[in-house]
Amino acid sequence: MRTALPLLALTVLTGSGCREPVAVAPAGAELVLAAPAAAVGAGPWLDGVVAGARLLLLDPARPDEPPVDLAGGLAAVGPPAIDSAGRRVVFPARATAEDRAALWECAVDGRGRRLLAEVPGEVLGATLLPDGRAAFAATVPDEAGPSRDLPASALFTVAADGGIERITFAGPARDPATLPDGRIVYAQWLPAAEGRPAPGSFVLFTVHPDGSGAAPLHGMHGEPGRARRPRPRPEGGLEHLLLPPGGPPETRLVDWGSPRAACSPARSAAPPRPTVLPAGWRVLDRVPAGPRPRPQGHLSSLRPGTAFGRLLAIDARRDGRGASVRLRTSDGVLGTVPLQADGSFFALVPVDRPLWLDLLDRTGAVLETGRSPFWLRPGENRICVGCHENPETAPPNRRPAAALLEPLDLSAAAAEVGR
């Protein structure tokens, strides 16, 4: 039998004119995901669903109250997310052991639980956006991942009407969370390259809810190890889990007030283990559930149905070297764009697919092979400081020469090399 916590109550006017209570999590409450330790082992747990786990709403002001299990009756459940009003919860779950993990939602008191979204892959984690949509990470079965243990995955959004849209096209992408400025912060896999050991590592990225403007998080460059599970703190800052090579996991804090938004060890004490958990159970995740300031919204300038985006690079050279760039997809080369005297170029590129840029010399020989993919959304206008510039520095205060020219159209070549 479900026992309800003493939640705050608001009322809403339904379509029939009746007033119905809406539960709101009290200040200080938290959502706790817990499971038998034998089901997850002793190592760091990151995402996905766990068989037999419980998703509990706990109020520390009433420790003796029986908690609400939001996932009661479900075969497996994963990490929760709650909206800024403290009312709506989303989480990945399996209804039965044979089902794929899908996205579920319910009120904070467990009422109205329903299936929100299903995709061909497994839902791994989710977040709620200011406009009411949910963004979630899910595996993509028809794409190849870096390894058998790390399948391809991407971020998607789902609207109230059930419409699902993919918003990331490189990765794998995991662990979405919503920042106060409305962007989504998430962990994206980058292959081995300068400063990243083989076979690669997860780096924190941000992206707008429409999938535009994806970029490494300010301050994350050069951070050793794999960064996972970013979570904005209610009191400010961004907490995430760092998995150093060969070392134990560390909880790190991004300090927005420092000159480079540097990462430092999180110094807050670990919260006590909930007394309501049976012996031998392990806390996998805990999320503050009380109301908090609503994140900012995002006014999208994308043009759905447009087959291209505009890419302007201010300086694509490396140490002053380079005569052109070659744009390619996973299917082949789209074309070559000459660099202007200041190193800039301007091109129309295909959308919603991973792209790579290679730097060439005057003879067409490769000076540097692009290893980190990027993408543009339909109608997106993207300005890049430079392929090899420090993204934490301001660009030169000059107009790029390429901006005065018509962009070279490489979007039409996409049909020739296949999708």
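The values are calculated or read from the model by the stated rules, or taken from the named source; none is laboratory data. These numbers were taken from a predicted model, which means no experiment stands behind them. Cβ coordinates were reconstructed from backbone atoms using ideal geometry, including for glycine residues, and neighbour counts include every protein chain displayed.
Remarks
- In the condition set (1) at pLDDT 90 or above; (2) more than 19 Å from the chain's Cα centre (by Cα); (3) surrounded by 16 or more Cβ atoms within 10 Å (Cβ to Cβ); (4) not in a strand (DSSP E or B), Leu277 is compliant with all but (1).
- Subset of the stretch 333-370 that is in contact with an Asp or Glu (Cβ under 9 Å, 6 or more places away or on another chain), part of a loop (DSSP other than H, G, I, E, B) and not polar (S, T, N, Q) - its residue that is surrounded by the fewest Cβ atoms within 10 Å (Cβ to Cβ): Asp342
- Screening Pro245, Pro291, Pro304, Pro271 for residues that are under 29 Å from Gly28 (Cα atoms), modelled with pLDDT of 75 or more and either in a loop (DSSP other than H, G, I, E, B) or not assigned by TED's automatic domain parsing to the domain that holds Ser372 (or both) leaves exactly one candidate, Pro291.
- Set Val40, Val24: member being more than 21 Å from the chain's Cα centre (by Cα), at pLDDT 80 or above, aliphatic (A, V, I, L, M) and over 20 Å from Ala289 (Cβ atoms): Val40
- Candidates are the residues of the stretch 27-37 that are assigned to a loop (DSSP other than H, G, I, E, B) and within 26 Å of the chain's Cα centre (by Cα); the one that is surrounded by the most Cβ atoms within 10 Å (Cβ to Cβ) is Ala29.
- Residue list for the stretch 114-144, filter: more than 23 Å from His298 (Cα to Cα) and among the charged types (D, E, K, R): Arg114, Glu118, Glu122, Asp142, Glu143
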